[in-house]
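Have a look at the structure below, then the notes.
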Amino acid sequence: MLITIARFSFPYEAHIAKSRLASEGIPAYVVDEHTISMQWLYSNALGGVRLQVPKDFEVIAQEILNVELEATLVEQQGWDGNICPKCGSRETEYYQFGKRMAFLVFIGIEFPLFPTSDGIICKKCGSKNKI
Ligand SMILES: [Zn+2]
């Protein structure tokens with residue numbers, strides 16, 4: 001019996017987690033990736049792309065996926081993220097400007113016509129900045 005241990009918006013995220021588990025010898029399966037790849041609006045309806053493991057591996061798989069590796073990676077490879085221009089915080093994440101309008105147009109005519117641009121959002125002060 002397979003147990004869902006994680007859900008992702010995009011298939012590549014599930015495959016990264018699956019590879020992490022495979023490196024520890026844990027069998028894992030990505031479910032619904034092709035359906036969501038064909039029609040990404042189904043992602044919310046289906047609960048996202050699911051990562052499943054056999055029931056016997058459920059606990060250890062959760063523990064492996066919950067290990068935070070960011071500090072180790074920064075130590076090994078250095079930090080190359082974005083700094084918030086307003087407050088100088090390193091706690092930023094990717095943000096896509098124009099995504100909401102593209103989504104609405106996509107709903108209306110099933111094709112995203114509005115251009116989007118990349119940016120960052122600061123988790124500390126909440127400012128959104130184009131990069
Ligand atoms: Zn900030």
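How many of the residues in segment 35-51 are at pLDDT 90 or above and either of a type in the set (K, R) or closer than 14 Å to F103 by Cβ (or both)?
1
So, in segment 1-14, of the ones that are in contact (Cβ under 8 Å) with a residue 12 or more places away in the chain, open to solvent by 70 Å² or more (accessible area, probe 1.4 Å) and not in a strand (DSSP E or B), which residue ends up farthest from N66 (Cα to Cα)? Walk me through how you get there before you give the answer.
First, the residues of segment 1-14 that are in contact (Cβ under 8 Å) with a residue 12 or more places away in the chain: 1-11, 13-14.
After this cut, where a residue has to be open to solvent by 70 Å² or more (accessible area, probe 1.4 Å) as well, the list is 1-2, 7, 10.
Next, from what is left, pick out any that are not in a strand (DSSP E or B): 1, 10.
Numbers: M1: 22, F10: 19 Å.
The extreme case among them is M1.
Filter segment 87-103 for residues that are in a loop (DSSP other than H, G, I, E, B) and either open to solvent by less than 60 Å² (accessible area, probe 1.4 Å) or assigned by TED's automatic domain parsing to the domain that holds M38 (or both); which is nearest to the ligand (Cβ to nearest atom)? Please lay out each step first, then the result.
Looking only at segment 87-103, we keep the residues that are in a loop (DSSP other than H, G, I, E, B), and these are 87-91, 98.
Adding the requirement that they be either open to solvent by less than 60 Å² (accessible area, probe 1.4 Å) or assigned by TED's automatic domain parsing to the domain that holds M38 (or both) leaves 88-89, 98.
On the way: G88: 7, S89: 5, G98: 21 Å.
Restricting to residues being in a loop (DSSP other than H, G, I, E, B) and either open to solvent by less than 60 Å² (accessible area, probe 1.4 Å) or assigned by TED's automatic domain parsing to the domain that holds M38 (or both), the top hit is S89.
Quick one: is I131 over 30 Å from L2 (Cβ atoms) and within 16 Å of the ligand (Cβ to nearest atom)? Talk me through it step by step, then tell me what you get.
Details: over 30 Å from L2 (Cβ atoms): yes; within 16 Å of the ligand (Cβ to nearest atom): yes.
Yes.
Take the conditions open to solvent by less than 60 Å² (accessible area, probe 1.4 Å), part of a helix (DSSP H, G or I) and either small (G, A, S) or in the same structural domain as A14 (by TED's automatic domain parsing) (or both) and apply them to S43. Does it pass? Before the answer, list the steps.
Working: open to solvent by less than 60 Å² (accessible area, probe 1.4 Å): yes; part of a helix (DSSP H, G or I): yes; either small (G, A, S) or in the same structural domain as A14 (by TED's automatic domain parsing) (or both): yes.
Yes, satisfied.
Identify, please: which residue in segment 59-86 is loosely packed, with under 13 Cβ neighbours inside 10 Å and hydrophobic (A, V, I, L, M, F, W, C) and is, among those, nearest to the ligand (Cβ to nearest atom)?
So the residue we want is W79.
So is F106 part of a helix (DSSP H, G or I), more than 20 Å from the chain's Cα centre (by Cα), in the same structural domain as F8 (by TED's automatic domain parsing) and more than 16 Å from the ligand (Cβ to nearest atom) or not? Step through it out loud before you land on a result.
Numbers: part of a helix (DSSP H, G or I): yes; more than 20 Å from the chain's Cα centre (by Cα): yes; in the same structural domain as F8 (by TED's automatic domain parsing): no; more than 16 Å from the ligand (Cβ to nearest atom): yes.
So F106 does not fit the description; no.
So which pairs qualify, if the first residue must be in segment 69-89 and within 20 Å of I16 (Cβ to Cβ), the second must be among the hydroxyl-bearing types (S, T, Y) and at pLDDT 90 or above, the Cβ gap must be under 8 Å, and the two must be at least 6 apart or on different chains?
From segment 69-89, the pairs are G81/T92.
Quickly run through segment 59-86 and pick out the residues that are in a loop (DSSP other than H, G, I, E, B) and under 22 Å from H15 (Cβ atoms). Don't jump to the end; show me each part of the working.
As a first pass, look at segment 59-86 and keep what is in a loop (DSSP other than H, G, I, E, B): 67-69, 78-86.
Passing the criteria: V67, E68, L69.
Could you tell me which numbered condition D56 fails, if it satisfies all but one of (1) under 26 Å from T4 (Cβ atoms); (2) within 16 Å of the ligand (Cβ to nearest atom)?
(2)
The values are calculated or read from the model by the stated rules, or taken from the named source; none is laboratory data. What you are looking at is a predicted structure, and each value in this text was computed from that prediction instead of being measured. All Cβ positions, even for glycine, are placed from backbone atoms using ideal geometry, and neighbour counts span all protein chains on display. Keep in mind that these areas ignore ligands, DNA and RNA; they rest on the heavy atoms of the full protein, side chains included. Shrake-Rupley method; radii C 1.70, N 1.55, O 1.52, S 1.80 Å.
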